[in-house]
Amino acid sequence: MDHYIERVVDLLDPALNRIHNMTAEEARARVLSGQPEAVRDIDGSFALLARAGKTVRMARSLDRPMRYFLAKRAEGPALIVADRIDAIHEQPGSAKAHSYFGQYLVSVEKNYADAIGEFETALKAEPTYMAAYYHLGRTAALGNTNLARGEQSLRKYLGYTPKENEPTLANAHYYLGAIYENQGKKAEAKRSFEAALKLNPTLKLALDALKRVS
């Protein structure tokens, strides 16, 4: 079964591109074409991402770094692209930057403690950035750590109405149930898994979890 990227986050700095023989948009069109000879004709220094529908293509000149990772999410993977992974971290005032770096720490390094620190920093920068509450709770559940804070964060997220591209309430209920399961609270876990399945009856994580606690 094919799995498509649900979201693309392009953090490449366009100011660093130095393209001599065409515009940046023309260069992106060449990248999107998938034709190596068309990309080779781009003269200059560049790191480009192009997307059309389900197709995502990237290209860079040899002098330019490009780093990317997939942040695994129940609603579908997010592709995050930057000049350097640590560049995501080097935006102290950006809640999204810290949240994305936290997702990188969870997905790639399995460093749950530092990831929670990034989500906390995101919330200090922007207390209304609700996705960070979700990711903090999810990380607490996955890492079986900071469970009280994770429960608090997910409860706050469950009082919110997510936008189209934000984590679903079904997933939030599931991870709250996972926290309860980690705490040995089977009755509370069962109620949370049932709440998740009421919103999304096909959520396999919740289906499997409900069997464990029933």
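The values are calculated or read from the model by the stated rules, or taken from the named source; none is laboratory data. Bear in mind that the values here come from a model prediction, so they are computed numbers and not experimental data. All Cβ positions, glycine included, derive from the backbone under ideal geometry; neighbour counts span all protein chains shown.
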Query raised in the report: Of the residues that sit in the stretch 7-34 and are surrounded by 15 or more Cβ atoms within 10 Å (Cβ to Cβ) and among the charged types (D, E, K, R), which one is nearest to the chain's Cα centre (by Cα)?
Result: D10
Report summary line: Note on R212: of the conditions (1) surrounded by 16 or more Cβ atoms within 10 Å (Cβ to Cβ); (2) farther than 22 Å from R149 by Cα, unmet is (1)
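Out of curiosity, is G143 modelled with pLDDT of 95 or more, of a type outside the set (S, T, Y) and in contact with a Lys or Arg (Cβ under 9 Å, 6 or more places away or on another chain)?
Yes: the conditions hold for G143.
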Report task. Quick one: in the stretch 72-96, of everything that is under 12 Å from the mean Cα position of the chain (by Cα) and either surrounded by 22 or more Cβ atoms within 10 Å (Cβ to Cβ) or part of a loop (DSSP other than H, G, I, E, B) (or both), which residue is modelled with the highest pLDDT? Result -> I80
**Report entry** Criterion (within 27 Å of N165 (Cβ to Cβ) and in contact (Cβ under 8 Å) with a residue 60 or more places away in the chain) met by exactly one of R7, R51, R67
**Finding:** R7
Query raised in the report: Of (1) among the polar types (S, T, N, Q); (2) under 30 Å from Y68 (Cβ atoms); (3) surrounded by fewer than 24 Cβ atoms within 10 Å (Cβ to Cβ); (4) at pLDDT 95 or above, N111 satisfies all except one. Which?
Result: (4)
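Considering the stretch 14-28 alone, what residues qualify as being assigned to a helix (DSSP H, G or I) and either more than 24 Å from R84 (Cβ to Cβ) or among the acidic types (D, E) (or both)? Full working, then the answer.
The initial filter retains those residues of the stretch 14-28 that are assigned to a helix (DSSP H, G or I), namely 14-16, 24-28.
Across the stretch 14-28, the qualifying residues are E25, E26.
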Requested in this report: Output yes when any residue across the stretch 128-147 is within 18 Å of L210 (Cβ to Cβ), β-branched (V, I, T) and crowded, with 24+ Cβ neighbours inside 10 Å, and no when none is.
Outcome: no
Requested in this report: Sort out which residues of the stretch 199-214 are free of Cβ contacts under 8 Å to residues at least 24 places away in the same chain and in a helix (DSSP H, G or I), and write them in order of number.
Outcome: K204, L207, D208, L210, K211
Report task. For the stretch 118-125, state whether one or more residues are under 28 Å from G53 (Cβ atoms), charged (D, E, K, R) and at pLDDT below 95. Result -> no
Query raised in the report: Filter the stretch 154-186 for residues that are among the small types (G, A, S) and in contact (Cβ under 8 Å) with a residue 24 or more places away in the chain; which is nearest to L123 (Cα to Cα)?
Result: A172
